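Following: one structure in structure tokens, then a few remarks.
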Amino acid sequence: MEFSDLTRALAVYPRPASTEVAFYEGHRLVWRGERNHSPENLRVFPTLWSQIDYRVISILEILAEGNVSIRDIEAAAAPAGILRPLSGGAYEISEKMVKDLRENIYGSHVNNLGAPLVLEMAALAEKESGRACLRCVVDPMISDEMLPEARITGIPEINRVALFNGLSHRGAARLFAENAGDGVRSCADLNLVVAFLGVGFSIAAQEKGRVIDINNPLDGEGPFSMCRSGALPARGLVELCYSGKYDFAEIMNLIHRRGGLMAHLSLSTQQEIALRLDEKDLAAREVLLSMAWQVAREIGARAASLRGKVDGIVIAGPYATSTYLVQRIQERVEWIAPVKVFPSVDELAVLAEMAQQVASGREPLKTYDFVPDTEGTVT
């Protein structure tokens, strides 16, 4: 299979209430579109997996709006979803991968639809054009690049797991590398601390492109965020669990959906935060200051994971648009390394670029074959 630097790549990103698509020819964006899915439309599907045909039709409609022919697609990529622990990069879609995603072996997430959507679109492209179409998923959500010492906890039955949006983290790091100058070619030349401020806040130590340490916001690690609790004093959490006020599902809901700013201030959007700050709300400022302090503390911890050899600190994600929050973080960490802020990470562009890198041979296409846990991970 041979491709040029002008490989025509389709990037597909399934989200909870929408499907996003972009078509690139080399680095040139040809067409980009999104189809929103109302709760009423999604409610008719009994499972996430049963949405595939519906979302394929949405993708075809988006491409038709941009006069993009299916036969022009030479490569297709999507986010990897929740797979068994793997290193970052691009992975060829295999039967084993699809089976694991379909059965939610490692967890359920809308990104699990990425692989089957790519397979469907690649099959249509091959049928129309008569040539092979590269198909891959990029940056698994469970990344097994952490240092061994970063996984161990004080209770042998509990290990830390790196579950995070690898696509956004590595996309933010690539933006830093592209703007670094001084002969820097890629993330492989840099040691970075990346703080991604999304629904959950995850702060990563990236050593030459590898995420060697990161908190897992879904497990209640790291700073609290808009709706996630972040790390809690263990005794207080245990007492809450045994108080008789909450069952297991309700406790997990507090950690995942009803913690953070939602619990303290009933806030969940950047617009609400900005309004409260404009109104000189002292309670809001106090909680946001604590949030910024926790993010800064995690950044310092990741700098220690990198032995203090930090080329840059990246603050990215939707809530990096909060000037108040970012400034409070920056004033505590800028002594460590230069700070760059990238509120918007174009994940579709990252997907398309990775597909083109693989197609041109500049990035390897990794495999997802079953390997017993005792043998480690496939890289």
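The values are calculated or read from the model by the stated rules, or taken from the named source; none is laboratory data. All of these numbers come straight from a predicted model, not from anything done at the bench. Here Cβ is always computed from backbone atoms with ideal geometry, including for glycine, and neighbour counts include all displayed protein chains. Side chains included, ligands, DNA and RNA excluded: accessible areas come from the protein's heavy atoms. Shrake-Rupley method; radii C 1.70, N 1.55, O 1.52, S 1.80 Å.
Compute the Rg to Rh ratio over the stretch 1-104 from the alpha carbon atoms, using the Kirkwood formula for Rh, and round to two decimal places. Using Cα coordinates only, the ratio equals 0.98. Net charge dipole, the chain: roughly 540 debye, given to the nearest 20, about the Cα centre with Cβ charges of +1 for Lys and Arg and -1 for Asp and Glu. If the segment from residue 72 to residue 151 were pulled out straight at 0.36 nm per residue, it would be longer than the present Cα-Cα gap by 24.0 nm. Around the amide H of residue 202, modelled in the peptide plane, lie the amide H atoms of 196, all under 5 Å away and 5 or more residues distant in sequence or on another chain. Judged by the mean number of other Cβ atoms found within 10 Å, the most tightly packed of the peptides 162-172, 299-309, 210-220, 277-287 leads the ranking 162-172, 210-220, 299-309, 277-287. The residues neighbouring residue 182, those whose beta-carbon lies less than 13 Å from its own, together hold a net charge of -2 under the Lys/Arg +1, Asp/Glu -1 convention. Between residue 129 and residue 367, the contour length at 0.36 nm per residue exceeds the alpha carbon distance by 83.1 nm.
Here the label points at residue 94 and residue 158, each 7 Å from Cα along the C-beta direction, are separated by 3.4 nm in the simple model.
Computed from the C-beta positions of residue 281 and residue 304 and an R0 of 30 Å, the FRET efficiency is 0.30 to the nearest 0.05. Seen from residue 327, the other residues with C-beta closer than 13 Å to its C-beta sum to a net charge of +1, counting Lys and Arg as +1 and Asp and Glu as -1. For the chain, the share of DSSP beta bridges that are antiparallel, to the nearest 5, is 60%.
Which of the helices in the chain, when you take each full DSSP H run, stretch at least 27 Å along the axis at their Cα atoms and have an average Kyte-Doolittle score of 0.0 or higher? Those that clear 27 Å and a mean of 0.0 are 282-305. Extents of the stretch 159-269, taken as max minus min of Cα coordinates on every principal axis and listed largest first, are 59, 32, 18 Å.
The per residue volume of the convex hull around the alpha-carbon atoms of the stretch 5-63 is 75 Å³. For residue 259, the residues 5 or more places off, or on other chains, whose built amide H falls under 5 Å of its own are 228, 229.
All other residues whose Cβ lies under 12 angstrom from that of residue 125 are scored, Lys and Arg at +1 and Asp and Glu at -1, for a net of 0. Rounded to whole numbers, the Karplus 3J(HN,Hα) couplings from phi for the stretch 26-32 are x, 8, 8, 6, 8, 7, 9 Hz, using 6.51 cos²θ - 1.76 cosθ + 1.60 with θ = phi - 60°, and x at Gly and Pro. Entry note, the chain: the mean residue ellipticity at 222 nm calculated from DSSP H runs of n ≥ 4, each adding -39500 (n - 2.57), is -11000 deg cm²/dmol after division by the residues and rounding to the nearest 500.
Taking a straight line from the alpha carbon of residue 366, these aspartates and glutamates sit under 12 Å away, with near neighbours fewer than eight places off in the same chain left out: 92, 139. The computed semi-axes √(5λ) of the Cα gyration tensor in Å for the structure shown corresponds, within (i) 38, 28, 22; (ii) 45, 24, 17; (iii) 34, 24, 22, to (iii). Listed by chain and number, the lysines placed with their C-alpha closer than 27 angstrom to that of residue 309 are 208, 340; residues fewer than eight positions away on the same chain are left out. Scanning residues 5 or more positions from residue 30 or on other chains, those with amide H under 5 Å from its amide H are 23, 24, 25, with H placed 1.01 Å from N in the peptide plane. Counting only protein heavy atoms and a 1.4 Å probe, tell me what percentage of the chain's accessible area is made up of carbon and sulfur. Here it works out to 52 percent. Spin-label pair residue 182-residue 25: with each label point 7 Å from Cα along the Cα-Cβ axis, the two points sit 3.9 nm from one another. Spatially, the stretch 178-225 and the stretch 3-81 are offset by 27 Å when compared through their Cα centroids. Orientation-averaged projection of the stretch 250-343 equals 6.6 nm² [convex hull of Cα atoms, one quarter of hull surface area]. Comparing the stretch 105-157 with the 2.2 N^0.38 Å rule of thumb, its C-alpha radius of gyration ratio is 1.79 (two decimals).
If R0 is taken as 30 Å, the Cβ-Cβ distance between residue 104 and residue 249 corresponds to a FRET efficiency of 0.95.
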